[in-house]
1. What percent does the relative contact order of the range 31-100 come to when contacts are Cα pairs within less than 8 Å and at least six residues apart?
2. Determine the dipole magnitude for the range 5-141: charges of +1 sit on the beta-carbon of Lys and Arg, -1 on that of Asp and Glu, nothing else is charged, the reference point is the Cα centre, and the result goes in debye to the nearest 20.
3. For the range 50-150, what size does the Cα cloud have along each of its three principal axes, sorted from largest down, in whole Å?
4. Counting only residues 5 or more places away or on other chains, whose amide H sits under 5 Å from the amide H of A32 once H atoms are built in the peptide plane?
5. Which pairs in the list K69/K123; K18/K85; K101/K141; K68/K115; K77/K134; K23/K45 are over 32 Å apart, alpha-carbon to alpha-carbon?
6. Pull out a ≥ b ≥ c, the square roots of the eigenvalues of the alpha-carbon gyration tensor of the range 1-91, then state rounded if a/c is under 1.5, prolate if not and a/b is larger than b/c, and oblate in the remaining case.
Amino acid sequence: MTFGTPLSLLQIPQQAIKDVSIKLSDPKANVAQYTQDCKSINSLKSLVNSVDYSCARESTVDVGYICKKCQTVYPAKDACLAHQKTLCYPTPPENIQPLLKLEQIQYECRLCTDKWSTVQEYKMHCQGESHKTKTAHIQQKISPSKSPATSHSTVQGTTQPKDSSHTPTKSLSSSITPSPLPKNDSKEDQKEASD
Ligand SMILES: [Zn+2]
Ligand SMILES: [Zn+2]
């Protein structure tokens, strides 16, 4: 038997609890969302630069399922349904969604695929080295090609051999793609050979 947590004891902001309570009294509502800092992704606009802002997206995390009658939160849907069957709604209610799914919205950096609960944490992430390295690549792509590498390639072009089998792109892709699969066939061959 799984025990639920009263909504009022949940570790979420008071404002979020208020918003969720409103949803609980709405018979048609079946999902409620909140952020840990009661802000939205729009708040990031004034906190980070445009590139970092474009990397941000909302990501929802399942927190639990709330029984609309007694406002108890269960981490799993099954547990909430089982509770309702025995206590709050022995017979399925009509014209009402008995469950309210609770979701937390987090701020995700799509470059780094990391998530944070507050806009401040997201801002801190954008100041980190690993994130800055990634956005630097994007900014290079956006800005017009002023890179000195273009002059290099023209020099290479004149001396490039006609042998197409030695193209650098080919060797590059093969070095990136790992081949983790061991050759089982050869091993079995060896076994048979030793017998
Ligand atoms: Zn209940
Ligand atoms: Zn990032």
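1. On the way: 48 pairs, mean separation 18.6, N = 70.
About 27 percent, as a whole number.
2. On the way: 17 positive and 13 negative charges, 35 e Å.
It comes to approximately 160 debye.
3. 74, 24, 18
4. K101, L102, E103
5. Values: K69/K123 39 Å; K18/K85 26 Å; K101/K141 41 Å; K68/K115 29 Å; K77/K134 39 Å; K23/K45 28 Å.
Exceeds cut-off: K69/K123; K101/K141; K77/K134.
6. Numbers: a/c = 2.84, a/b = 2.52, b/c = 1.13.
Cα axes put the range 1-91 in the prolate bin.
Bear in mind these aren't lab numbers, they're just calculated from the coordinates by the rules spelled out. Predicted, not measured: the structure shown is a model, and the values here were computed from it. A quick note on method: Cβ atoms are made from the backbone with ideal geometry, for glycine too, and the neighbour counts reach across all protein chains shown.
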